[in-house]
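Contents: one structure, followed by commentary.
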Amino acid sequence: MQQITAPELAALLADPAREQPLLLDVRENWEFETCRIAGSTQIPMNLIPVRVTEIDDDREVVCICHHGARSMQVAAFLERNGFSNVTNLTGGIHAWALQVDPSMPTY
């Protein structure tokens with residue numbers, strides 16, 4: 001599985017020539033309501049196995065959680081289930097708040 005830093009993801013998202021990845025936020029509802037990257041799709045980690053068919057396996061998927069551990073597990077699960085273009089956000093939404101969007105609430 002690939003890893004991407006928050007600044008690298010910000011640059012990727014800002015590139016109009018690049019197809020935008022699916023930003024898959026695997027945090028719980030209350031976490032997603034607290035803060036999120038614009039355009040993210042939320043499926044809590046515990047629901048991924050039953051909702052995996054909702055995820056486009058032809059599209060790049062960037063998995064996001066609080067610090068990067070849960071999202072890494074989900075990324076590994078997706079790869080085991082046939083997804084070939086999966087990336088984990090290193091440091092999670094916390095890294096995004098610190099390195100890209102300091103106005104984002106942290107918890």
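Within region 77-96, track down each residue that is within 12 Å of the chain's Cα centre (by Cα) and within 22 Å of Val50 (Cβ to Cβ). Val86, Asn88, listed by residue number. Restrict the check to region 86-107 and report whether at least one residue is out of contact with any helix residue (DSSP H, G or I) (no Cβ under 9 Å at 6 or more places or on another chain), part of a loop (DSSP other than H, G, I, E, B) and either surrounded by 13 or more Cβ atoms within 10 Å (Cβ to Cβ) or not aliphatic (A, V, I, L, M) (or both). Within region 86-107, one or more residues are out of contact with any helix residue (DSSP H, G or I) (no Cβ under 9 Å at 6 or more places or on another chain), part of a loop (DSSP other than H, G, I, E, B) and either surrounded by 13 or more Cβ atoms within 10 Å (Cβ to Cβ) or not aliphatic (A, V, I, L, M) (or both). Condition test on Arg27, is it under 20 Å from Ala97 (Cβ atoms) and not β-branched (Val, Ile, Thr)? For Arg27, the condition - under 20 Å from Ala97 (Cβ atoms) and not β-branched (Val, Ile, Thr) - is met. Quick one: what pairs do we get from region 61-84, first residue over 14 Å from Ile43 (Cα atoms), second at pLDDT 95 or above and part of a helix (DSSP H, G or I), C-beta under 6 Å, 6+ apart or different chains? Sorted first by the residue in region 61-84, then by its partner, the pairs are His67/Gly92; His67/His94; Gly68/Gly92.
Can you tell me which residues in region 1-39 are assigned to a loop (DSSP other than H, G, I, E, B) and surrounded by fewer than 17 Cβ atoms within 10 Å (Cβ to Cβ)? Correct list: Met1, Thr5, Asp15, Pro16, Ala17, Arg18, Glu19, Gln20, Glu28, Ala38, Gly39.
Out of all the residues in region 67-82, is one or more touching a Cys at 6+ places or on another chain (Cβ under 8 Å), farther than 20 Å from Met1 by Cβ and of a type in the set (Gly, Ala, Ser)?
Taking every residue of region 67-82 in turn, none turns out to be touching a Cys at 6+ places or on another chain (Cβ under 8 Å), farther than 20 Å from Met1 by Cβ and of a type in the set (Gly, Ala, Ser).
The values are calculated or read from the model by the stated rules, or taken from the named source; none is laboratory data. This structure is a prediction, so every number in the text was calculated from the model and none was measured. Cβ: placed from backbone, ideal geometry, glycine included. Neighbour counts: every protein chain shown.
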